[in-house]
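The values are calculated or read from the model by the stated rules, or taken from the named source; none is laboratory data. Please read these numbers as outputs of a predicted model, since none were measured by experiment. Don't worry about glycine lacking a Cβ; one is built from the backbone with ideal geometry, like all the others, and counts go over all protein chains shown. Surface accessibility is based on the protein's heavy atoms, side chains included, excluding ligands, DNA and RNA. Shrake-Rupley method; radii C 1.70, N 1.55, O 1.52, S 1.80 Å.
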Amino acid sequence: NLANRLSVLINELKGIERDLAKESKQRDIARKVYKTFSETKKAKMTQVYESIKGNVNLFYSTLHPNELHRNIEINIASGRRASTELKMESFGSIEDPRAFSSEGHLDSLGLCIFLAFVKKFNEDCDFIILDDVVTTIDSQHRRLICKLLFEQFKDCQLLITTHDAIWYDQLCAHQRAFGISGNCKNMEITRWTLESGPIIEPYKPRWERIEDRINSGDKSGVATEGRRYLEWLLKNICKTMMARPIFKTRGYTVADLFVPAKTRLEELIKDHLFKQKILKAFQELEMTTLMGNLLAHDNLEAENVSMDEAKQFCVAVHDLHNLLSCPDCGTFLKYYQDMKRIRCPNSRCKQQIEIVC
């Protein structure tokens, strides 16, 4: 009996050894397959990264011209699983941009990488969705994003959503500048409810919204929109004409911006006729701004202001805006210090206006 039991155990042991040898062989095959797969994947990803590197650098240099950031490298990180390594030459050293770049620069770099992937892989799908991609990016670079999209992706259908009113206006201005307004639909979510969801209606420019309020007899709405319009306009003047309002750590108001904007334009413009038009527009504003103040705040005298007076205030703002917009493409004019000229910044404008400074 003991010999029989021992024989059975020996046979079982031999079977286990055969199974172990078989499993070991399969393990070795699996390791070779995984190694081959990993090496092939890394090689393919390296090829992909290499193929998009040119566009990443092109797109980034479009958004950040004349900045000391260049030679962006995207590589598979050796020794780490499923990890990508970013390198960028900045101010003479090559570093990972995530270690020192601002949030706005990193977000714009991420957008450039995404768009480079789109160029590479979306040849058969010309539909791109961009959802609130400029949250941390300043207005100058937002303008350049418009330029990048309309130049590099002109054959694509773009669905762009944003909470940023400035970028919305810049997108609309670039549509006009590139002559594609007829191909675009500008919409806005005007309201929403739990029952019906978002209510989407055609977007109306600021002046059209004011006209709607004028036509509906909404005096306070006219003045509120007019004051917002004036504040936006004065901020634009100070930015594009290099005016220097008194520094504030918080937001600027009409009172902070009015005199610096007017003084800067009066100081810059040498063209006598154009200067007279600008000064007359500011004079009209000075005479009507009181109406905006009365109507935009809780003021007992507001009822004594007529709709015509409120309308005159808004018209004065609009007239100044028109004077400082390119008559050909509608782009806001800009002062170029090196040329001593105020001119349209749109390089595609066919009849660029120029004012001697």
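Considering (1) polar (S, T, N, Q); (2) at pLDDT 90 or above; (3) within 25 Å of Leu109 (Cα to Cα), the lone condition that Ser24 does not fulfil carries the number (3). Filter segment 137-150 down to the residues that are open to solvent by 50 Å² or more (accessible area, probe 1.4 Å) and either more than 23 Å from Cys349 (Cα to Cα) or touching a Leu at 6+ places or on another chain (Cβ under 7 Å) (or both) and list them by number. Asp138 - this is the single residue of segment 137-150 that is open to solvent by 50 Å² or more (accessible area, probe 1.4 Å) and either more than 23 Å from Cys349 (Cα to Cα) or touching a Leu at 6+ places or on another chain (Cβ under 7 Å) (or both).
When you look at Phe153, is it under 17 Å from the mean Cα position of the chain (by Cα) and under 22 Å from Pro345 (Cα atoms), yes or no? So Phe153 passes the test. Among the residues of segment 307-338, those identified as in contact with a strand residue (DSSP E or B) (Cβ under 9 Å, 6 or more places away or on another chain) and at pLDDT 90 or above are His321, Leu324, Ser325, Leu333, Lys334, Tyr335, Tyr336. Here Met45 fulfils each of the conditions (1) open to solvent by less than 70 Å² (accessible area, probe 1.4 Å); (2) closer than 28 Å to Tyr168 by Cα apart from (2). Note on segment 211-234: residues that are over 19 Å from Ser306 (Cβ atoms) and hydroxyl-bearing (Ser, Thr, Tyr) total 1.
Scanning segment 151-181 for residues that are farther than 23 Å from Trp232 by Cβ and of a type in the set (Asp, Glu), which turns out least open to solvent (accessible area, probe 1.4 Å)? Once the filter is applied, the top-ranked residue is Glu151.
Taking Ser101 as the residue in question, decide whether it is over 22 Å from Ile129 (Cα atoms) and open to solvent by 50 Å² or more (accessible area, probe 1.4 Å). Spelling it out, it is not the case that Ser101 is over 22 Å from Ile129 (Cα atoms) and open to solvent by 50 Å² or more (accessible area, probe 1.4 Å). Across segment 112-129, the qualifying residues are those that are touching a helix residue (DSSP H, G or I) at 6+ places or on another chain (Cβ under 7 Å) and of a type outside the set (D, E, K, R), and the one among them that is most open to solvent (accessible area, probe 1.4 Å) is Phe117.
Matching residues to (1) touching a Phe, Trp or Tyr at 6+ places or on another chain (Cβ under 8 Å); (2) charged (D, E, K, R); (3) within 30 Å of Arg142 (Cα to Cα):
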| residue | (1), (2), (3) |
| --- | --- |
| Ala21 | no, no, no |
| Arg27 | no, yes, no |
| Lys42 | no, yes, no |
| Lys53 | no, yes, yes |
| Tyr60 | no, no, yes |
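Against the test of being among the hydroxyl-bearing types (Ser, Thr, Tyr), modelled with pLDDT under 90 and within 60 Å of the chain's Cα centre (by Cα), the options Ser51, Ser38, Ser61 yield a single qualifying residue, Ser38.
Tallying residues that are without any contact (Cβ under 8 Å) to a residue 40 or more places away in the chain, open to solvent by less than 70 Å² (accessible area, probe 1.4 Å) and closer than 24 Å to Gln170 by Cα within segment 233-259 yields 10.
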